[in-house]
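Okay, structure first, notes after.
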2 protein chains.
Amino acid sequence: MASLPSILGGLDPTSDRAVFRQIADQLREAIDRGRFKEGEKLPSEAELVEHYGVSRMTVRNSFSILQGEGLVHAEHGRGVFVRPRPPVRRLASDRFARRHREQGKSAFIVEADAAGSHPTVDSLEVKEEKAGQDISTRLGSVRRVLARRRRYLLDGRPVEFATSYLPLDIARGTQIAEPNPGPGGIYARLEELGHQLDHFEEEIRARMPSPSEVKTLQLASGVPVIHLIRTAFDTAGRAVEVCDTVMAADAYVLSYQLPAT
Amino acid sequence: MASLPSILGGLDPTSDRAVFRQIADQLREAIDRGRFKEGEKLPSEAELVEHYGVSRMTVRNSFSILQGEGLVHAEHGRGVFVRPRPPVRRLASDRFARRHREQGKSAFIVEADAAGSHPTVDSLEVKEEKAGQDISTRLGSVRRVLARRRRYLLDGRPVEFATSYLPLDIARGTQIAEPNPGPGGIYARLEELGHQLDHFEEEIRARMPSPSEVKTLQLASGVPVIHLIRTAFDTAGRAVEVCDTVMAADAYVLSYQLPAT
DNA sequence: CTTGCCCACTCGTCTATACGAGTATGCGTG
DNA sequence: CACGCATACTCGTATAGACGAGTGGGCAAG
């Protein structure tokens with residue numbers, strides 16, 4: 001790495017911009033310009049204290065800004081690093097097309113294998129429970145539902161946590177209530193049960209994660225989540241499944257096709 | 001407000017959870033339980049210092065966690081407040097259907113009026129410029145484009161910043177290059193120019209905003225942005241417009257319909 | 001050579017203090 | 001009554017120091 005003064009400038013004491021913001025600005029710019037590359041270690045707090053002649057808390061304040069922006073992450077005992085952008089998973093709008101269900105494996109596995117990643121699914125939990133207000137409304141005022149929870153990982157990194165809710169009168173006693181829903185997933189089973197799927201509705205929000213989401217998805221600070229709620233409708237117009245998904249936002253690009261008519 | 005000790009507990013010195021995290025936890029829980037309501041003022045730093053018997057920086061650290069989660073926001077000289085959830089704007093997947101173009105006003109204005117909000121559009125800028133790498137690729141290797149920038153506000157609050165890019169051979173000299181594109185917006189103009197629209201492609205990402213985005217959208221800390229890139233294709237299969245939109249994530253829910261076939 | 005310990009360096013947490021700047025309230029003056 | 005200022009209270013910024021804990025490299029003992 002080049003010497004600090006050659007990368008980072010000095011402070012402008014006449015500026016009314018706070019010192020810790022000025023430092024954050026300089027670091028951010030250096031990162032944007034590629035002076036510090038992905039995964040590379042930034043100068044240590046002590047070095048920056050030395051370089052700028054400020055106190056350590058001021059430097060830490062600067063780092064905390066950049067952390068909030070998701071630009072860097074700190075590792076205890078090692079240093080502060082430029083956060084590498086993880087490979088993203090693209091979700092196409094035809095990902096639930098019937099032809100994708102014809103193969104044996106789940107969409108997630110197939111797709112990840114194709115992308116050269118190592119996919120895993122864990123945290124299996126399948127149980128009957130009371131439907132929350134929102135889920136109940138979406139499913140047409142059902143009281144109890146079958147809930148299927150699972151977590152998806154790519155190369156060991158958790159990227160998505162999803163819960164499917166199905167009305168008990170549809171799912172109880174079927175393979176949908178088994179830990180392994182069989183080839184083609186629950187959508188294939190639903191169609192076998194006579195619920196031919198007609199269309200899906202997806203609602204998308206983005207927000208900062210709750211502490212429990214930070215834990216399950218092992219999210220770095222400064223990484224938002226995409227919250228997707230999908231409702232599946234059969235040809236009779238009935239909502240047969242609601243899937244509530246929380247995704248690490250830095251791991252996903254969603255893609256949709258809209259008709260112009 | 002009830003007395004502090006009745007709302008907030010004490011610290012657990014045996015816990016290995018950091019004190020400022022414990023304080024943040026208690027405040028978060030109190031907010032979740034509705035002990036502090038939306039828009040309500042939290043105890044001041046001084047009061048919490050008193051209540052917990054810790055130093056002020058520790059309390060501030062707690063607040064900064066909650067700010068990062070988008071739960072609270074601080075107002076200089078006034079206090080720290082529970083962040084109210086703003087009314088959200090729902091974007092339906094049929095929002096570009098041709099029938100919506102038949103009326104005179106823009107989709108944004110019509111929809112906001114219907115919702116009882118006061119819509120504004122500002123920051124008009126229309127100019128020819130060099131296309132960036134990404135835009136150029138999406139439009140099929142054009143070098144120069146017409147860029148239309150505008151910012152959308154609801155009841156005075158900026159919620160969205162959008163830039164449309166159009167190939168010069170289509171847009172130059174037409175009403176699309178005027179500040180006001182006329183009734184039905186640029187999509188109506190494109191169709192009049194013989195580019196019958198076939199479908200749209202939308203790519204969605206979520207991330208923390210850049211400093212400039214924080215400024216234009218007046219974003220509170222802890223609010224991510226939704227980054228939407230829409231490409232419009234005509235019936236000849238040509239990409240005729242790319243629209244790059246950055247939205248305040250707390251102001252939007254996107255909604256899509258997917259076919260199951 | 002290998003093992004294990006020590007130490008230097010890193011970030012994490014916390015205290016105590018100081019001053020600045022924005023806000024709101026009340027009181028006194030006109 | 002109206003205005004303006006003083007003041008108290010709020011958060012913002014910054015310093016200096018202390019100790020803890022994770023990491024990694026080097027050195028010494030076996």
By the Cα gyration tensor axes a ≥ b ≥ c (a/c under 1.5 gives rounded; else a/b larger than b/c gives prolate, otherwise oblate), the shape of the protein assembly as shown is oblate
Inter-copy separations for residue A:98, label at 7 Å along Cα-Cβ, nm, ascending:
2.7
Using DSSP to call loops (not H, G, I, E or B), can you name the trypsin sites (Lys or Arg not before Pro) in segment A:101-165 whose Cβ has at most 12 other Cβ atoms within 10 angstrom?
A:143
Using 7 Å Cα-to-Cβ label points, what is the residue B:199/residue B:25 separation (nm, one decimal)?
5.0
Enumerate by residue number the trypsin sites (Lys or Arg not before Pro) in segment A:164-261 meeting two conditions: DSSP loop (anything except H, G, I, E, B), and at most 15 other Cβ atoms within 10 Å of the site's Cβ.
A:172, A:238
Using a 7 Å offset from Cα along the direction of the beta-carbon, what are the separations from residue B:183 to the same position in each other copy, nm, ascending?
5.7
Backbone N under 18 Å from the residue B:85 label point (7 Å along Cα→Cβ), restricted to segment B:12-45
B:28-40
To make sure I understand the rule: partners must be aspartates and glutamates, Cα under 17 Å from the Cα of residue A:37, and not fewer than 8 residues away in the same chain. Which ones qualify?
A:25, A:29, A:69, A:75
Selection from B:188, B:153, B:200, by position along the positive dipole direction of segment B:89-254 (Cβ)
B:153
Would you mind pulling out the separation of the Cα centroids of segment B:47-104 and segment A:238-261, in Å?
25
Before we go on, tell me the buried accessible area for the B/A pair, both chains summed, 1.4 Å probe, in Å² to the nearest 100.
3200
List the distances, in nm and shortest first, from the label point of residue A:157 to the matching label points in every other copy, placing each point 7 Å from Cα along the Cα-to-Cβ direction.
3.3
Quick check: the angle from helix B:19-32's long axis to the longest principal axis of chain B, C-alpha only, nearest 10 degrees?
70
Which entries of A:41/B:215; B:41/B:215; A:127/A:215; A:130/B:41; A:215/B:41 have Cα-Cα distances beyond 27 Å here?
A:41/B:215; A:130/B:41; A:215/B:41
Computed [θ] at 222 nm, deg cm²/dmol, the protein assembly as shown (DSSP H ≥ 4; -39,500 (n - 2.57); rounded to nearest 500)
-7500 deg cm²/dmol
Looking only at B:209, B:224, B:181, which one moves most when chain B is put into a Gaussian network model with springs between Cα atoms under 10 Å?
B:181
Set the Förster radius R0 to 51 Å, insert the Cβ-Cβ distance between residue A:114 and residue A:35 as r into 1/(1 + (r/R0)^6), and round the FRET efficiency to 0.05.
0.90
Measure off 7 Å from each Cα along the Cα-to-Cβ vector at residue B:94 and residue B:124, then give the distance between these two points in nanometres to one decimal.
3.1
Under the classification rounded if a/c is under 1.5, otherwise prolate if a/b is larger than b/c and oblate if not, where does segment B:55-144 fall, given a ≥ b ≥ c as square roots of the Cα gyration tensor eigenvalues?
oblate
Per residue, how much accessible area does the protein assembly as shown show when a 1.4 Å probe rolls over the protein heavy atoms, in square angstrom?
48
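The values are calculated or read from the model by the stated rules, or taken from the named source; none is laboratory data. Because the structure is a prediction, the values reported are computed rather than measured. When we count neighbours, we look across all protein chains shown, and the Cβ atoms used for this are built from the backbone with ideal geometry, even at glycine. Please note that ligands, DNA and RNA were not included when accessible areas were found on the heavy atoms of the full protein model with its side chains. Shrake-Rupley method; radii C 1.70, N 1.55, O 1.52, S 1.80 Å.
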